[in-house]
Structures are given as C-alpha cells and as structure tokens.
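Participant: Here it is, the structure, as structure tokens.
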Amino acid sequence: MSDNVHPIGRGFAFEELKVGMRFRTHRRTIAEADVAAFVNLTWLTEELFAVADDSQRAIKGRAVPGALVYSFAEGLLLPSMQDTGLAFLNATLDVKGPTVVGDTVHVECEVVEARLTSKGDRGLVRFANKVVNQRGETVLEYNPLRMLKRK
C-alpha cells in the first residue's frame, strides 16, 4: 500500500497537519440522559443542571454543562487523533453561549500552530476549535495543544 494513503481509523500524523488546515467533525445530539448521567457522575449539583424546572431562568430548556459540551467535542474529535495522539498539553476554554438538551453540536477545527518537539521525534500542534450548534451558533471555543506522532 502506498505511503500517501491515509488508513481508515487512524488519526492525523504531525506531518499531515499544516497551519491553516481546517476540518470538521460529525455531529451529536445531546440528550436528557447524557446530562443526567454527567451530573450524577461528576456531582455537579448546581441547580441549573440538577433541577429540571426552568420557569425562573433566562435559559429556556434543560441547560447542558459546558464541561459536558467540551467532553462531547473531544469525543467527536477522537477519530482525528486515534493512534496518533500522544498528549493533551493545555488549552483555554471559553463558553460563548448556552447549550440545551436537544441541541446538536459539531466541532470546527483549524490548525493554528505546528512545530516539532525539541527532540524532533514528534510534533506539537495547536488547534482553534469551535463547538457549533444546529443553528450555526458557536457555543464553546478552546485551543488545545496536542503532542502527535510523526509518520
């Protein structure tokens, strides 16, 4: 098989990612069961997430924690790093707007930095990631720096 063929089920190697490259993930609808499981698992018992009554809230609908939205984004991105990701080094995270149960999200990514490590045997890549809902609204942004295998 030719070396320039990208194997199915394997993420991007460092050399395949160039500054300015963009891609997007599949999408995922967030269900009530997802929020309930996440709130129970993390003990995130803030009323905004633990109580279904939204009559006194500015956000109509069952609010989804930003940490869960971020977790979905990372799950949606897994195919881009499967077998090539070595480390998640850092990121800043900015919640831009509310996400509610029933929203469908995907991630839009752009490579904003790519450089070899000091040893040169792997690469560091920073992405600008936007989590976007079905209305085209960006609800969360983050900029992970990841260490990736070379070919």
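Participant: Go through L41, L140, L148, L68 for me and flag whichever is part of a helix (DSSP H, G or I), of a type in the set (A, V, I, L, M) and surrounded by 18 or more Cβ atoms within 10 Å (Cβ to Cβ).
Facilitator: L68
Participant: For region 106-127, give me each residue that is of a type in the set (A, V, I, L, M, F, W, C) and within 10 Å of the chain's Cα centre (by Cα). Steps first, answer last, please.
Facilitator: Taking region 106-127 as the starting set, the residues that turn out to be of a type in the set (A, V, I, L, M, F, W, C) are 107, 109, 111-112, 114, 116, 124-125, 127.
Within region 106-127, V107, C109 meet the criteria.
Participant: Residue check: is V100 modelled with pLDDT of 90 or more and buried (at least 18 other Cβ atoms within 10 Å of the Cβ)?
Facilitator: So V100 does not fit the description; no.
Participant: Can you name every residue in region 111-137 that is surrounded by fewer than 16 Cβ atoms within 10 Å (Cβ to Cβ), part of a strand (DSSP E or B) and not basic (K, R)?
Facilitator: Matches in region 111-137: V112, E113, L116, A128.
Participant: Looking at L77, L68, can you tell me which residue is modelled with pLDDT of 95 or more and more than 24 Å from L148 (Cβ to Cβ)?
Facilitator: Step by step, each of L77, L68 is checked, and only L68 is modelled with pLDDT of 95 or more and more than 24 Å from L148 (Cβ to Cβ).
Participant: Here are some conditions: (1) acidic (D, E); (2) touching a Phe, Trp or Tyr at 6+ places or on another chain (Cβ under 8 Å); (3) under 16 Å from F38 (Cβ atoms). D94 meets all but one. Which one does it not meet?
Facilitator: (3)
Participant: Going through region 84-110 one residue at a time, which ones are under 26 Å from F49 (Cα atoms), among the hydrophobic types (A, V, I, L, M, F, W, C) and assigned to a strand (DSSP E or B)?
Facilitator: Hits for region 84-110 are L93, V95, V100, V105, V107.
The values are calculated or read from the model by the stated rules, or taken from the named source; none is laboratory data. This one's a predicted model, so the numbers in the text were calculated from it and none came from an experiment. Note that we place each Cβ from the backbone using ideal geometry, even for glycine, and neighbour counts take in every protein chain shown.
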